[in-house]
Amino acid sequence: MNYFDDMRFINGGVVPRCQAAIDQRFTETYSVEFLLAGRMYYGIDGGNRIILDRPTVFWHHPRHSYQYGSLDKRGWDQHWIMVSGSRARRMIEDGLMPLSATQYLPVLEPLVLAEEFRALVALIQQHDPCRHPETVVRLEHIVAQLIEWRTRTTVPTPYHGGIELLARHLRKDPCRTYDFQVEAARLGLSYSHFRREFRRHIGRAPYDFLLACRMRRAAVALQNTVRQVKEIAADAGYDDMPQFSKLFKKKIGVAPRYYRELIPPTSSAVSINETSNISASGN
């Protein structure tokens, strides 16, 4: 057997403004998928569905089922590679899955990755067996880049533990009032240094992360209860409905009144510990 024959390429593609609606298990195949632009909902094994609205890589493994699709008529720009074989299994299980328990990963350099995907798709669609080794190496280079980017954002500093602990408090109880000047002083940092360290370890500025946690908590309540929107807004600390609706749309991608229609309820337990799907913007 040839050294590279333990991975077989089934297909690949680049789909602008994708409107697919997926709800299935991909038996005996693996894939690497890349959302370059646009917005989509995403879920695994019928569980809680979240919204991806920034450049993100996600992947398929045969033991899971996947549910995702477009949120609007604009769709999303999709790049995908489908493979099989023992090397493909190792690539997903040992390469990508340890990077994220949620099976998706924000991308640091999306335009670079888009070029890599387009070149790889072009090779796959040539169906040239002489270029199979090059095709395998290109896909593994993409995985190596993702591992490098993930490592770059998670290398610990002396402040890593304190910031992670604070982030856990923010996720668990986002509706409290927090004074980040006080939190910075507690870590022995100036506020500007604290903000840089928080952004480095968590991926966004402190207040933006807190706001994302609040809106994610509200989204979970909208998805899994029949309570009125104004009650959920009040629980999040917002008596001003227009302000709440504006912030919810900014962070989740759609207005609260449409969220229930777009994202159906789930019967499984809902986790609010992952907020990296929401766009990182603000201060």
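Observations on the structure shown:
- Per-residue ellipticity at 222 nm, computed for the chain from helices alone with -39500 (n - 2.57) per DSSP H run of at least four residues, works out to -13500 deg cm²/dmol.
- Annotation: the residues C18, C213, C175, C130, sorted from fewest to most other C-beta atoms within 10 Å of their own C-beta, follow the order C130, C175, C18, C213.
- Dipole axis of the chain (+1 Lys, Arg; -1 Asp, Glu on Cβ), positive-most option in I142, I50, Q125: I50
- Relative pair counts by distance (%), Cα atoms of the chain, 10 Å bins: 6, 26, 32, 23, 10, 3, 0
- Net charge of Cβ neighbours under 10 Å - reference D6; Lys, Arg +1; Asp, Glu -1: +3
- The percentage of C-alpha pairs in segment 91-149 whose separation is greater than 16 Å is 48%.
- Counting all C-alpha pairs of segment 101-189, share separated by more than 19 Å (%): 61 percent
- Neighbours of L139, meaning other residues whose beta-carbon lies under 11 angstrom from its beta-carbon, give a summed charge of -1 when Lys and Arg score +1 and Asp and Glu score -1.
- Protection proxy ranking of 109-119, 197-207 - average other beta-carbon atoms within 10 Å, highest first: 197-207, 109-119
- Three semi-axes of the equivalent ellipsoid, segment 131-247, Cα gyration tensor, whole Å, largest first: 34, 24, 10
- Segment 8-154, Cα convex hull volume normalised per residue, Å³: 102 Å³
- Residue order, fewest to most surrounding Cβ atoms within 10 angstrom, among T29, T225, T177: T177, T225, T29
- For the chain, modelled as a GNM whose springs connect Cα atoms under 10 angstrom apart, the maximal fluctuation among F180, F244, F34 occurs at F180.
- Each of I44, I22 was scored by other Cβ atoms within 10 Å of its Cβ. Listed from fewest to most, they are I22, I44.
Computed from the coordinates by the stated procedures, all read-outs in this text should not be read as laboratory data. Just so it is clear, the structure is predicted and the values come from calculations on it, not from any experiment. Here Cβ is always computed from backbone atoms with ideal geometry, including for glycine, and neighbour counts include all displayed protein chains.
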